[in-house]
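**Q** Quick one: the structure is below, questions incoming.
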Amino acid sequence: MTFFEDYAEGDSHEIGTHVFEADEIVAFASAWDPHPFHVDADEARKSLFGGLCASGWHTACAWMRLNVAFQRRLLADARAAADTSPATGPSPGFTDLVWKQPVYAGERLTFRNTVCSKRRLASCPGWGLVTLRAEGFKDDGTLAFAFDGKMMVECREGA
Amino acid sequence: MGTPHLYFEDFAAGDTRDLGSREVTSDDIVAFARQWDPQPTHTGEDGASLTGGLSASGWHTACMLMRAMYDGFLSDSASLGAPGIEEVRWPTPVRPGDTLSMRYTVMETRASASRPDVGFVKFLYEVETQRGETAMTMKNYSMFARRAAGDGL
């Protein structure tokens, strides 16, 4: 499983959850996105957000960590079932990222990946590009975060 | 926070701004990757890598750009945040010892149809290595407050 040929449009998996604790929000934002509403609870209360909330890039990074662990589990399953497992390549990028709702200190997001499309790469024989919709939902089901990520995946059948 | 200098009206299509540069060390690359993107190619552990050798996570490059954006202009602006990102590309790997130079070009500005006090500015951000290679491009809209009426400016 998990070679290019194994991906099907509509395949959807919950990949894990992340709780955005206040100290992690402040630590991340202090390094990368030090807007006052991401690093200071008092300033955040006075801001348009009304409370300490995570940098949108923190939300994206939380997805990435869970995604790496999820892809590792898929590879482990593949190795257990067969004697080969596919390589993955560097992501060429992503599109259509939305930050729909602030993620406040103490809130949890549940992340899900859904395969949108795939195509073989003429420029890179033996490889395909899989586009998946990544989404992060709050506990009440509200969509907080989403984007279309692109993954390079090896083909089982070669070039 | 003091009165910001940059409002919606201060951006025009074609404007460019240098957002500074920063060096990326292997310690930086590994520390970020261990926390947020622990693929072997970014943490330096053994593993097949298409790109050969240690490279920074694309998300790390995005975070370095975000910091440069904040320090370079957002902190002195009437920014109301960004609803999202239209597109990010990572064409070339970032290696240990690289120096990344960052800049923006304003692609367009448009007033909000629904909110007279807000405008949208579309940016193209470019991150380049010292070899002149493009490590990352990003296109997105940010929202800025308009100057209050009667400012006299």
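The values are calculated or read from the model by the stated rules, or taken from the named source; none is laboratory data. Worth saying up front: this structure is predicted, and the values here are computed from it rather than measured. Positions of Cβ are generated from backbone atoms using ideal geometry, with glycine treated the same way; all protein chains shown enter the neighbour counts. Surface accessibility is based on the protein's heavy atoms, side chains included, excluding ligands, DNA and RNA. Shrake-Rupley method; radii C 1.70, N 1.55, O 1.52, S 1.80 Å.
**Q** Springs between alpha-carbon atoms under 10 Å, Gaussian network over chain A: tell me which of A:PRO125, A:PRO86, A:PRO102 tops the mean-square fluctuations.
**A** In the Gaussian network model the winner is A:PRO125.
**Q** Taking DSSP loops as anything outside H, G, I, E and B, show the longest stretch in chain A free of GluC sites (Glu not before Pro) there with at most 16 other beta carbons within 10 Å. Present the calculation step by step, with values, prior to reporting the outcome.
**A** Values: sites that count: A:GLU9, A:GLU21, A:GLU157.
It runs A:22-156.
**Q** Semi-axes of the stretch A:59-130's equivalent ellipsoid from the Cα gyration tensor, sqrt of 5 times each eigenvalue, largest first, rounded to whole Å?
**A** Values: eigenvalues 155, 69, 17 Å².
Three semi-axes, in Å: 28, 19, 9.
**Q** Once phi is turned into ³J(HN,Hα) by the Karplus curve 6.51 cos²θ - 1.76 cosθ + 1.60 with θ = phi - 60°, what whole-Hz value does each residue of the stretch B:26-34 show in order, with x for glycine and proline?
**A** Whole-Hz 3J(HN,Hα) from phi for the stretch B:26-34: 5, 4, 4, 4, 5, 4, 5, 5, 4.
**Q** Counting only heavy atoms of protein chains, what accessible area per residue, in Å², does chain A have with a probe of 1.4 Å?
**A** Numbers: 7240 Å² over 159 residues.
Per residue, chain A has 46 Å² of solvent-accessible surface.
**Q** Taking Cα centroids, how far is the stretch A:1-48 from the stretch B:80-153 in Å?
**A** Answer, in whole Å: 20.
**Q** Another question about this same structure. So if I average 1/r over every pair of distinct C-alpha atoms in the stretch B:64-153 and take the inverse, what Kirkwood radius in Å does that give?
**A** Values: mean 1/r = 0.0688 Å⁻¹.
After inverting the mean inverse Cα-Cα distance, the result is 14.5 Å.
**Q** What nm distance separates the two modelled labels at B:ARG147 and A:SER30, each placed 7 Å from Cα along Cα→Cβ?
**A** 3.7 nm
**Q** Over the protein assembly as shown, with every protein chain in place, what whole percent of the accessible area is carbon and sulfur at 1.4 Å, could you tell me?
**A** On the way: 7060 of 14320 Å².
Here carbon and sulfur together make up 49 percent of the probe-accessible area.
**Q** For the stretch B:1-113, I need the span (max minus min coordinate) of the C-alpha atoms along each principal axis, in Å, sorted largest to smallest.
**A** Its Cα atoms span 51, 28, 22 Å along the three principal axes.
**Q** To the nearest 10 square angstrom, how much accessible area does A:SER123 have with a 1.4 angstrom probe?
**A** Approximately 110 Å² of A:SER123 is accessible to the 1.4 Å probe.
**Q** Quick one: length gained pulling A:THR114 to A:ASP140 fully straight, 0.36 nm per residue minus the C-alpha distance? Could you put the intermediate results ahead of the total?
**A** Details: separation 26, 0.36 × 26 = 9.36 nm, distance 1.98 nm.
The A:THR114-A:ASP140 span can extend by a further 7.4 nm.
**Q** Label B:THR25 and A:GLU21 with points 7 Å out from Cα along Cα→Cβ: what is the distance between them in nm?
**A** Result: 2.7 nm between the two label points.
**Q** May I ask for the equivalent-ellipsoid semi-axes of the stretch A:1-158, computed as the square root of five times each C-alpha gyration tensor eigenvalue and listed largest first in whole Å?
**A** Working: eigenvalues 239, 43, 36 Å².
They are 35, 15, 13 Å, listed from largest to smallest.
**Q** Relative contact order, percent, of chain A when contacts are C-alpha pairs under 8 Å separated by at least 6 residues?
**A** Values: 319 pairs, mean separation 47.9, N = 159.
Normalised by residue count, the contact order of chain A is 30 percent.
**Q** Given an 8 Å cut-off on Cα distances and at least 6 residues of separation, report the relative contact order of the stretch A:99-159 as a percent. Before the final figure, lay out the partial values.
**A** On the way: 117 pairs, mean separation 21.4, N = 61.
Rounded, it is 35 percent for the stretch A:99-159.
**Q** By the scheme Lys and Arg +1, Asp and Glu -1, what is the net charge of all other residues having a beta-carbon under 13 Å from that of B:LEU100? Show your work: numbers first, answer last.
**A** Working: positive: B:ARG22, B:ARG67, B:ARG95, B:ARG103, B:ARG131; negative: B:ASP18, B:GLU23, B:ASP28, B:ASP98, B:GLU126, B:GLU128, B:GLU133.
Net charge in that neighbourhood comes out at -2.
**Q** In the stretch A:57-73, which residues become less accessible by 20 Å² or more once every protein chain is in place, relative to the chain on its own, using a 1.4 Å probe?
**A** With the partner chains in place, the stretch A:57-73 has these residues losing at least 20 Å²: A:TRP57, A:CYS61, A:MET64, A:ARG65, A:VAL68, A:ARG72.
**Q** Let me ask something additional. Quickly estimate the mean residue ellipticity at 222 nm for chain B, helices only: each DSSP H run with n ≥ 4 gives -39500 (n - 2.57), and the total goes over all residues, rounded to 500. It would help to have the intermediate numbers written out before the result.
**A** On the way: 3 runs with 30 residues, N = 153.
-6000 deg cm²/dmol, from helical runs alone.
**Q** Next up: From the helices alone, meaning DSSP H stretches of at least four residues, give me the mean residue ellipticity at 222 nm for chain A, per-run term -39500 (n - 2.57), in deg cm²/dmol to the nearest 500.
**A** Details: 4 runs with 47 residues, N = 159.
Computed mean residue ellipticity for chain A: -9000 deg cm²/dmol.
**Q** Under a crude label model (7 Å from the Cα following the beta-carbon direction), how far is A:SER123 from B:ALA113 in nanometres?
**A** It works out to 3.4 nm between the two label points.
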